[in-house]
2 protein chains.
Amino acid sequence: MNYRRASRLLLPAGLFAALASSSAIAAPATDVSILATARAIFAPLPASAPNPDNPVTPDKVVLGKQLFFDARLSKGGTVSCNSCHNLATYGVDNLSFSMGHKGQFGGRNSPSVLNAALLKPHFWDGRAKDAEEQAKGPIMNPVEMAIPHEAYAVERIASIPEYRTQFARVFPGDKQPVSYDNIAKAIAAFERTLLTPAPFDAWLKGDAKALSAQQVRGAKTFIDKGCVACHAGATLGGDNLFKFGLVQGPYSKFTGVPNKDAGVYDISKKEADRDVFRTPSLRNVARTYPYFHDGSVWQLDQAIRVMSQTQLGLKLTDNEVADVQAFLESLTGTIPASALQLPVLPASTAATSKPDNS
Amino acid sequence: MNYRRASRLLLPAGLFAALASSSAIAAPATDVSILATARAIFAPLPASAPNPDNPVTPDKVVLGKQLFFDARLSKGGTVSCNSCHNLATYGVDNLSFSMGHKGQFGGRNSPSVLNAALLKPHFWDGRAKDAEEQAKGPIMNPVEMAIPHEAYAVERIASIPEYRTQFARVFPGDKQPVSYDNIAKAIAAFERTLLTPAPFDAWLKGDAKALSAQQVRGAKTFIDKGCVACHAGATLGGDNLFKFGLVQGPYSKFTGVPNKDAGVYDISKKEADRDVFRTPSLRNVARTYPYFHDGSVWQLDQAIRVMSQTQLGLKLTDNEVADVQAFLESLTGTIPASALQLPVLPASTAATSKPDNS
C-alpha cells in the first residue's frame, strides 16, 4: 500500500501549520479566522470528477446509469449496484451489512457511492485504485452480485440489442464494445456525476449564512481536536488509510461490537496493517449510518465519541459532540436530480441468460 | 368469490355481439371495421384511477412514493415495494419468484404495479378487493417484507419526524395520522398515478398510424380467436378469474413446469376453484416476463401458444402468433416521468427500530 498510514506523527502536509493558525492563536477565534483555517484544510467539492482514461460523456453517463440500476449484472437478477448503494438513501442501504446473492450478507458496510469517484483508494481496505476498478469488484463477488466470470456478464448484457447499440455508440473505437472493462467504465462515468454540494461548500466559498453558529463552532472543534488529521480536503477523508484504534484500541472496546475484521492485515498479513482501514469520506455522513466498516454504530453522536477516543485519545464534552454533529450535518448535500431519474431498462431477449438462483 | 369464473359459456357481456361483428362478417374486415369492433371490446386507458374512499392528492402521492421506495417497511430493511415491483422494469422484477426477507423466494410471480390500481380483484387468487387492501399484504407476508404486526410498521414510520409531519398533513382529520391503514392508502394513492398510455390507446382513439399493419392484424386475431373472452376492457384482463387449463389441462402439460399451485382452490378447497387464477392484465405484457402465476414461461410467443391451447383449445399458426405478439407489444406504455423521479428518503432516528435479519 502506498497510501498514508497509521501514525500519529504522519499528519497531512500543511496540517501542522493549519492547526497552529487555529489552536495556537489566542481564543476565541473569529468566524473569519475559522474560515481562513478551514480553507487551508478543506476544499469545496469540485464541479466534476474527471478521469482522463475514462472521459465522462453524456451517452456514457446514460448507459452507466442503466447498468447501475440493472439487476441483470447479478447472477440471480436480484441485486443491482443501486441495491446496496441506493440513491434514495444517499448512496447506501442503511444496513450494517448488505444483502447480496441468495440473501447472503457481506462482511463490510457498503460505503456511499456519492462523491466516491473523488476518493482514492476504494474499498475499506483500499484495494482498488479508482471508481473504474471498484465497479468490477461487487459484480464478481460471490456474496454480492455473484457473476461467475467476466464473459457471463458480457454475454448477458450483449444479448440485449439496445445495450449493444449503446455500447457501440459510447465506445466507438473498440472492436468489442460490450466488454467487462467498458461495463465498469460506463458505471464509473455515471458515478463521476454523483457529486453532492452541501451547505459547507457554500460556507467555504464565502456564504457566511450557509452554516449556523453551532455548525461553525463544530467546524472549529473538528479542526482544533485534530479530526482533520484524517478527514481533510474536499471529501473530508476517503484518501488515506489509518489504524482504527490508533491511540486507544482495540476499536471493539469502544463500539461494543466484537472485532472480526483486521482490515488491510487480512490481505497483507503484516502486523503493521492490523485494523488499518481506508478512512471514510464524511460527505453526507449524517445520512449514511450505520457507521464504520462493520456498521456497528448507528448514531452519529456515538460515532463521534468513538472516533475521538480511538483515534485521538480524547473524551469530548456533550457540547463539543453536539457541535461537531451539527457541523457534520452541514455536509449533507444535494443529489443531482438527473441521477435520481430512474432509467427504464431495455428488455431481455431469448438469448439473455436467465436469473440463476440455484 | 363474486367474480366471473371459469366457464367457456360465461363470456363477458357484449362480447358475443362484438365477436359476431368481427368473425361472422365477411372477411377480410377493413381497418375501420376492426377499429369499431375493438372499440366495442376494449377501452382506452382512463386518465385517472380514482377511489372515492382514498382521494388521490398531490401530497399523498409524494408520501406514497416515498413509502413505495422505503425498505424500512420490511423487517430486515432489505425489501421495498419497488424491489419486486421495480419501476425501472415496468413494475416487475423479471424473476419467476421474488426475493424477500432473508433471501426467501415467494411462491407466485409478482404482477406489475403499473395500471394495477384499475384492476379488481388483486393478487393471483383475487383475495384483495383494491390497491389499498393489496398494499397491506406483502408488508406483513413473512416471506416478503416480513413486518411482524401492524404496530411494528407504524412505530417505525412514526419514529421519523418528516414522516409524522407528512402524515399529519395528508390525513388531517385523523387522530393517529400514522396508521397502517394510512400507510396503505398513501402507497395506493401513488399506485393510482402509475397509468401507462400506449400506442394501442392512441389507435383506439383514432390515430390509425399508431399501430403497424401487423399489429392491427394481431388485434383482429386476438379478437377473432376469443382471447378477449378474458382479456377485454381498458386493462385487457385483470378483472376476472378463470381456470388456467380451461379447455386443455393441466396447464403444466403446456408450460413444461410442474404444477405446484392450485390458485383459488388453495383458499376455498372447492374443486371448482382448482387452478383458477385472476386473469392478468396484458398492459406492458411484452416487458413483464416471465409469464403466468409461476413465472414458468419467459418468451411472449410461447406464452401466447400456451394460452391459446390451454384456454381456447387452439393451435395458432406461426404467423398468427407473431401478429398477436406484435399487437401485444402495442400495449407497452409510457411510465409517468414523475413516478420515475426517485424520492430522497427521510433519515431514521435513535427511536427507529433497527433492520432485523435475525
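The values are calculated or read from the model by the stated rules, or taken from the named source; none is laboratory data. Remember, it's a predicted structure, so these values are computed and weren't measured experimentally. Note that we place each Cβ from the backbone using ideal geometry, even for glycine, and neighbour counts take in every protein chain shown. Side chains are part of the model used for accessible areas, which takes the heavy atoms of the whole protein and leaves out ligands, DNA and RNA. Shrake-Rupley method; radii C 1.70, N 1.55, O 1.52, S 1.80 Å.
For the range B:280-358, please list each of the helices (runs of 4 or more DSSP H) lying entirely inside it that holds at least 1 residues being within 17 Å of the chain's Cα centre (by Cα) and within 9 Å of another protein chain (Cβ to nearest Cβ). Break it down stepwise before answering.
On the way: elements: B:300-312, B:318-329, B:337-340.
Passing ranges, in order: B:337-340.
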Breaking point among (1) touching a His at 6+ places or on another chain (Cβ under 6 Å); (2) over 30 Å from A:ARG39 (Cα atoms), for A:LEU282: (2)
For B:ALA272: the one exception among (1) within 14 Å of another protein chain (Cβ to nearest Cβ); (2) in contact with a strand residue (DSSP E or B) (Cβ under 9 Å, 6 or more places away or on another chain); (3) small (Gly, Ala, Ser): (1)
Checking B:GLY137 against (1) under 21 Å from the mean Cα position of the chain (by Cα); (2) in contact (Cβ under 8 Å) with a residue 40 or more places away in the chain, the condition it does not meet: (2)
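Is it the case, given these coordinates, that B:LYS136 is modelled with pLDDT of 95 or more, open to solvent by 20 Å² or more (accessible area, probe 1.4 Å) and not in a loop (DSSP other than H, G, I, E, B)? Walk me through it before giving the result.
Numbers: modelled with pLDDT of 95 or more: yes; open to solvent by 20 Å² or more (accessible area, probe 1.4 Å): yes; not in a loop (DSSP other than H, G, I, E, B): yes.
For B:LYS136, the condition - modelled with pLDDT of 95 or more, open to solvent by 20 Å² or more (accessible area, probe 1.4 Å) and not in a loop (DSSP other than H, G, I, E, B) - is met.
Based on what the data block shows, is B:PHE327 out of contact with any Cys (no Cβ under 7 Å at 6 or more places or on another chain), open to solvent by less than 10 Å² (accessible area, probe 1.4 Å) and either at positive phi or among the aromatic types (Phe, Trp, Tyr) (or both)?
On the way: out of contact with any Cys (no Cβ under 7 Å at 6 or more places or on another chain): yes; open to solvent by less than 10 Å² (accessible area, probe 1.4 Å): yes; either at positive phi or among the aromatic types (Phe, Trp, Tyr) (or both): yes.
In short, yes.
Yes or no, residue by residue, for (1) in contact (Cβ under 8 Å) with a residue 60 or more places away in the chain; (2) over 24 Å from B:GLY295 (Cα atoms):
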{"position": "B:LEU195", "(1), (2)": "yes, no"}
{"position": "B:ALA202", "(1), (2)": "no, yes"}
{"position": "B:ALA210", "(1), (2)": "yes, yes"}
{"position": "B:ALA213", "(1), (2)": "no, yes"}
{"position": "B:LYS220", "(1), (2)": "yes, yes"}
{"position": "B:CYS227", "(1), (2)": "yes, no"}
{"position": "B:THR235", "(1), (2)": "yes, no"}
{"position": "B:ASP239", "(1), (2)": "yes, no"}
{"position": "B:GLN248", "(1), (2)": "yes, no"}
Residue, nearest to A:LEU282 (Cα to Cα), within the range A:163-185, restricted to residues that are of a type in the set (A, V, I, L, M, F, W, C) and more than 18 Å from the chain's Cα centre (by Cα): A:ILE183
Conditions (1) within 18 Å of the chain's Cα centre (by Cα); (2) open to solvent by 10 Å² or more (accessible area, probe 1.4 Å); number of the one not met by A:LEU87: (2)
Top-ranked residue in the range A:123-132 [being open to solvent by 10 Å² or more (accessible area, probe 1.4 Å) and under 26 Å from A:ALA337 (Cα atoms); ranked as nearest to the other protein chains (Cβ to nearest Cβ)]: A:GLU132
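Residue under question is A:VAL61, and the condition is that it be over 19 Å from B:PHE105 (Cα atoms) and touching a residue at least 12 places away in the same chain (Cβ under 8 Å); does it hold?
Values: over 19 Å from B:PHE105 (Cα atoms): yes; touching a residue at least 12 places away in the same chain (Cβ under 8 Å): yes.
When the stated conditions are applied, A:VAL61 passes them.
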Single condition B:PRO55 does not satisfy, out of (1) open to solvent by 20 Å² or more (accessible area, probe 1.4 Å); (2) under 21 Å from the mean Cα position of the chain (by Cα); (3) within 11 Å of chain A (Cβ to nearest Cβ); (4) not polar (S, T, N, Q): (3)
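Taking A:ILE147, is it modelled with pLDDT of 95 or more, over 17 Å from the mean Cα position of the chain (by Cα), surrounded by 20 or more Cβ atoms within 10 Å (Cβ to Cβ) and not in a loop (DSSP other than H, G, I, E, B)?
Working: modelled with pLDDT of 95 or more: yes; over 17 Å from the mean Cα position of the chain (by Cα): yes; surrounded by 20 or more Cβ atoms within 10 Å (Cβ to Cβ): yes; not in a loop (DSSP other than H, G, I, E, B): no.
No.
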Complete set of residues in the range B:68-95 that are within 8 Å of chain A (Cβ to nearest Cβ), among the small types (Gly, Ala, Ser) and in contact with a Phe, Trp or Tyr (Cβ under 9 Å, 6 or more places away or on another chain): B:ALA88
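Looking at the range A:106-118, can you tell me whether even one residue there is free of Cβ contacts under 8 Å to residues at least 60 places away in the same chain and within 14 Å of chain B (Cβ to nearest Cβ)? Lay out the reasoning, then the answer.
So the first thing to find is which residues in the range A:106-118 are free of Cβ contacts under 8 Å to residues at least 60 places away in the same chain, and the list is A:106, A:110.
Next, from what is left, pick out any that are within 14 Å of chain B (Cβ to nearest Cβ): A:106, A:110.
The answer is yes, given that some residue of the range A:106-118 is free of Cβ contacts under 8 Å to residues at least 60 places away in the same chain and within 14 Å of chain B (Cβ to nearest Cβ).
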Single unsatisfied condition, A:LYS65 versus (1) touching a helix residue (DSSP H, G or I) at 6+ places or on another chain (Cβ under 6 Å); (2) within 12 Å of chain B (Cβ to nearest Cβ); (3) closer than 23 Å to A:ASP294 by Cα; (4) not hydrophobic (A, V, I, L, M, F, W, C): (3)
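So if I check each of B:ALA88, B:ALA128, which one is under 17 Å from B:ASN240 (Cβ atoms) and either modelled with pLDDT under 95 or of a type in the set (A, V, I, L, M) (or both)?
On the way: B:ALA88 fails: under 17 Å from B:ASN240 (Cβ atoms).
Going through B:ALA88, B:ALA128 in turn, the sole match is B:ALA128.
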Listing of helices (runs of 4 or more DSSP H) fully contained in the range A:161-205 that carry 2 or more residues being in contact with a Phe, Trp or Tyr (Cβ under 7 Å, 6 or more places away or on another chain) and closer than 15 Å to A:LEU67 by Cβ: A:180-191
